[in-house]
Amino acid sequence: MILSVRDLRVSFRTNDGLVRAIDGVSFDLEESEILGVVGESGSGKTVSLLAVMGLITDPNAIIEGSIRYKGRELVGLPARELRRLRGNEIAMIFQDPMTALTPVYTIGWQIAEQIRAHQNISKSKAMARVEELLAEVNFPNPHEAMSRYPHQLSGGMRQRAVIAMALSCNPALLVADEPTTALDVTVQAGILDLVRKLRATHKSAVVFITHDMGVVSELADRVMVMYAGRVVERGSRMELFSDPRHPYTRALLGSIPPLTGEKPRRLPAIPGSPPSLLRLPQGCAFGPRCPVQYEPCVSGKPDLGASTHAAACFRVAQA
Amino acid sequence: MTSKDLPILETRSLGKRFAIGTRFSAEGKRTVHAVDNVSLTVWRGETVGLVGESGCGKSTLARCLVRLYDISDGKLLFEGDDITTKSLSELRPLRRRLQMVFQDPSASLNPRRRVGDLVAEPLRIHGKLSSREITQRVAELFDLVGLLPDHVMRYPHEFSGGQRQRLGIARAIALNPDLVVLDEPVSALDVSVQAQIVNLLADLQEKLKLTYIFIAHDLSVVRQVSTRIAVMYLGSIVEEGPAEELFATPSHPYSQALISAVPVVETTPSGTSKRVILTGDVPSPLNPPPGCRFHPRCPIAVERCRTERPVLEERKPGRKVACHFPTLI
């Protein structure tokens, strides 16, 4: 077991009261497994992984629960200890590669810095490793790319450079937060291919955050669907896509226009919009938008349960 | 011939060049051909989808079509009337009939004004309505796009992304336009909200007899809303055809790669399908490759493609392809 998260809760103290961004999220991750985390903006997918990375530094944040990495508790770990893990054993890829790279240094310099921060090797050895890494992420001309500045690269190339940086220390856990959202589909296809390949060669476990159901279905072994800070459904890729149980998962899958076959005259849309975390309904957060809401949903919050394919829904529990 | 028989909008070899650099910069003055030789005909009542990767010139083309940019080459005709070089004052009566919806709804709404005012603005500029009639029309528009009447007094920040896009649409349709150019209208929205806006656009088109030009990078959304689709690459159209047909049997190698790259939800055990992965990036329009502009990334390119640029030709009724070796359709 690489990562084991139990009952994670993240809240923020704000002027308008306490906002519970994450409310009791639990999941496990095995070696070389890809976990897809899907949800809309504000569903808590990014915050939950930032908590895992120890990157929530807001003094008004309250983090509760347990995050165990290879058996070691990360919640409450001193910043120094965390820094040793981060970038080394746990790496992260962000949505916008331009903000993850500094514009004033070359790609080669930045990746070498990362290696030298964690390993005691010479500059020239680090540079040689950078060239290897850039070749691995399919840079056509890795040696030349090392001396390039971020602005001289295309979006796809920048994201590849960031991936090379994330891989530089052979991380056991790679967290990717919407790494392809800003990219074109043709470039995205290449990056997804790369992530698949790296999982095989580096044996890294990957948490892949996205809002795109198609991407998840191509890449993930297991999937977790989030809504308003809670996990509403979880299961293997096959279970979730061939037998979606939670009304939200079903609705989300239904609202994607098909790429083949006959076009529906109207798309089955979900009414309303995701709720504000400040004013969550008392019962099930999806209740007000749910087509099958009934009395229990108004007052109680449904639990996810323990089975591998589970949905947090009273209707599903009842059936 | 009446205006009904003419295409509502037509471009003839339209081009847009941007000058960059000065004589003092390292490379000197240069020109970018952002849109190059685009001939597109849009008929009343249809939805033409424009797809392509970022930087292919689809947004530039959209802005040329509503004359937000001046056109460098070629001609732009609105109902057969040449509007390529019309002055702003000559254009004003046309603007009413030719509207645009932008990608980022919050960037196009003034944060310090009430949304009722924002929607009323085009009515005040163009209409000859009394203030009571304007209030009435705003209420009507709010109802049409699915917003509540008491929303008029609110400010843009009080709305969600989907609602803001509804406001953007309300503004665009306020003057009963004939043609609306939609530049990535759903790209900034959550998946669950996207479908609502797509449906709203379809309803409005039916009710108000609108013609749409729809730009998006999400291919499944474009297929859903469009009757006809044009695929752009590096400033030019490489393929054009009826939406469903083009997606089912793409003929240009670029269209094939683009469509195959879309991740789809599959429930079969093996996730990977027959995918054409393109190598390299879109070349810079500053320095486009000679011959066919797609040849450096094309899996089937031969010598001829490196020297001779293919023209967009009709290969079958309604289907145009710019390729020396299109897949038979």
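Bear in mind these aren't lab numbers, they're just calculated from the coordinates by the rules spelled out. Given the structure is predicted, the values throughout are model-derived calculations rather than measurements. All Cβ positions, glycine included, derive from the backbone under ideal geometry; neighbour counts span all protein chains shown.
Calculate one ³J(HN,Hα) per residue across region A:37-45 by plugging θ = phi - 60° into the Karplus curve 6.51 cos²θ - 1.76 cosθ + 1.60, and present them in order as whole Hz with x for glycine and proline.
So the Karplus estimates, Gly and Pro as x, are 10, 10, x, 7, 5, x, 7, x, 5 Hz.
With label points built 7 Å along Cα→Cβ from the Cα atoms of A:T181 and A:L18, find their separation and express it in nm.
That separation, rounded to one decimal, is 2.8 nm.
How high is the FRET efficiency from A:D243 to A:N141, r the C-beta distance, R0 56 Å, rounded to 0.05?
Result of the calculation: an efficiency of 0.75.
When only DSSP loop residues count, what trypsin sites (Lys or Arg not before Pro) in region B:1-59 have their Cβ near at most 16 other Cβ atoms within 10 Å?
Filter output for region B:1-59: B:K4, B:R23, B:K29.
Mind checking which lysines have their Cα closer than 26 Å to the Cα of A:K125? Skip sequence neighbours fewer than 8 apart in that chain.
Within the straight-line limit of under 26 Å, A:K125 reaches these lysines: A:K197, A:K203.
If each of A:K197 and B:D143 carries a label point 7 Å out from its Cα toward its Cβ, how far apart are those two points in nm?
5.9 nm
Which value in Å is the Kirkwood Rh of region A:112-174 over different Cα pairs?
11.9 Å
Taking 0.36 nm per intervening residue step and subtracting the Cα-Cα distance, what contour gain separates B:V311 from B:Y69 on full extension?
My answer for the length gained is 84.6 nm.
May I ask for the net charge around A:E31, where only other residues with Cβ less than 11 Å from the Cβ of A:E31 are counted and Lys, Arg are +1 while Asp, Glu are -1?
Residues near A:E31 contribute +1 overall.
Once you list every other residue whose beta carbon is under 15 Å from the beta carbon of A:M146, what net charge do they have if Lys and Arg are +1 and Asp and Glu are -1?
Around A:M146, the surrounding residues sum to +2.
Find how much the distance from A:R68 to A:Q282 grows on full extension, using 0.36 nm per residue of separation minus their present alpha carbon separation; answer in nm with one decimal.
74.0 nm
Of A:V137, A:S122, B:L65, which is farthest towards the positive pole of the protein assembly as shown's charge dipole, taken about the Cα centre with +1 and -1 on the beta-carbons of Lys, Arg and Asp, Glu respectively?
Of the candidates, B:L65 comes out farthest on the positive side.
Over region A:3-99, what is the relative contact order in percent, taking alpha-carbon pairs closer than 8 angstrom and at least six residues apart?
In percent, rounded to a whole number, it is 32.
Quick one: Karplus J couplings for region A:308-314, per residue in order, coefficients 6.51, -1.76, 1.60, θ = phi - 60°, nearest Hz, x for Gly and Pro?
Residue by residue, region A:308-314 yields 5, 9, 9, 10, 8, 8, 5 Hz.
Taking the Cα centre as origin and putting +1 on Lys and Arg beta-carbons and -1 on Asp and Glu beta-carbons, what dipole magnitude results for region B:186-315, to the nearest 20 debye?
280 debye
Go through the cysteines of chain B and tell me which have no other cysteine Cβ under 4.7 Å away.
Among the cysteines of chain B, those whose Cβ sits 4.7 Å or more from every other are B:C56, B:C64, B:C298, B:C323.
What are the extents of the Cα atoms of chain B along their three principal axes, in Å, largest first?
68, 57, 50
Counting only other residues whose beta carbon sits under 12 Å from that of B:L234, what net charge do I get with K and R as +1, D and E as -1?
Every neighbour counted, the sum reads +1.
Please identify which residues in region B:9-27 have an amide N closer than 18 Å to a label point set 7 Å out from the Cα of A:Y149, following the Cα→Cβ vector.
Label zone hits: B:21-22, B:25-27.
Under 5 Å between amide hydrogens, which residues at least 5 positions from B:M232 or on another chain qualify, with H placed 1.01 Å from N in the peptide plane?
Hits under the 5 Å cutoff: B:V51, B:G52, B:V238.
In region A:182-319, what is the volume of the convex hull around the alpha carbon atoms, normalised per residue and reported in Å³?
152 Å³
Within chain A, what's the longest run with no GluC sites (Glu not before Pro) in a DSSP loop and at most 16 other beta-carbon atoms within 10 Å? Give the range, please.
It works out to A:32-261.
Which of A:M224, A:M53, A:M98 ends up with the largest GNM mean-square fluctuation for chain A, with Cα atoms connected below 10 Å?
A:M98
In a GNM of chain A with a 10 Å cut-off on Cα contacts, which of A:L29, A:L183, A:L18 has the highest mean-square fluctuation?
Of A:L29, A:L183, A:L18, the most mobile in the Gaussian network model is A:L18.
Taking the Cα centre of region A:139-195 as origin and charging only Cβ (+1 Lys, Arg; -1 Asp, Glu), how large is the dipole, in debye to the nearest 20?
180 debye
For chain A, modelled as a Gaussian network with Cα springs under 10 Å, which listed residue fluctuates most, A:R265, A:R83, A:R196?
Among A:R265, A:R83, A:R196, the largest mean-square fluctuation in the Gaussian network model of chain A belongs to A:R265.
What dipole magnitude, in Debye to the nearest 20, does region A:1-99 give about its Cα centre under +1 on Lys/Arg Cβ and -1 on Asp/Glu Cβ?
380 debye
What is the log10 of I(q)/I(0) for the protein assembly as shown, computed with the Debye formula using one identical point scatterer on each Cα and no solvent, at q = 0.10 Å⁻¹?
Listed by q, the Debye log ratios stand at -1.04.
Scanning chain B for GluC sites (Glu not before Pro) in DSSP loops with at most 14 other Cβ atoms within 10 Å, what's the longest stretch left with none?
Segment B:28-307 is the longest.
A:L77 versus B:H126, label points 7 Å from Cα toward the beta carbon: distance in nm?
So the two model labels end up 6.0 nm from each other.
List the residues, sorted by chain then number, that are 5 or more residues from B:T211 or on another chain and whose placed amide H is less than 5 Å from its amide H.
Long-range HN contacts for B:T211: B:G45, B:L179, B:V180.
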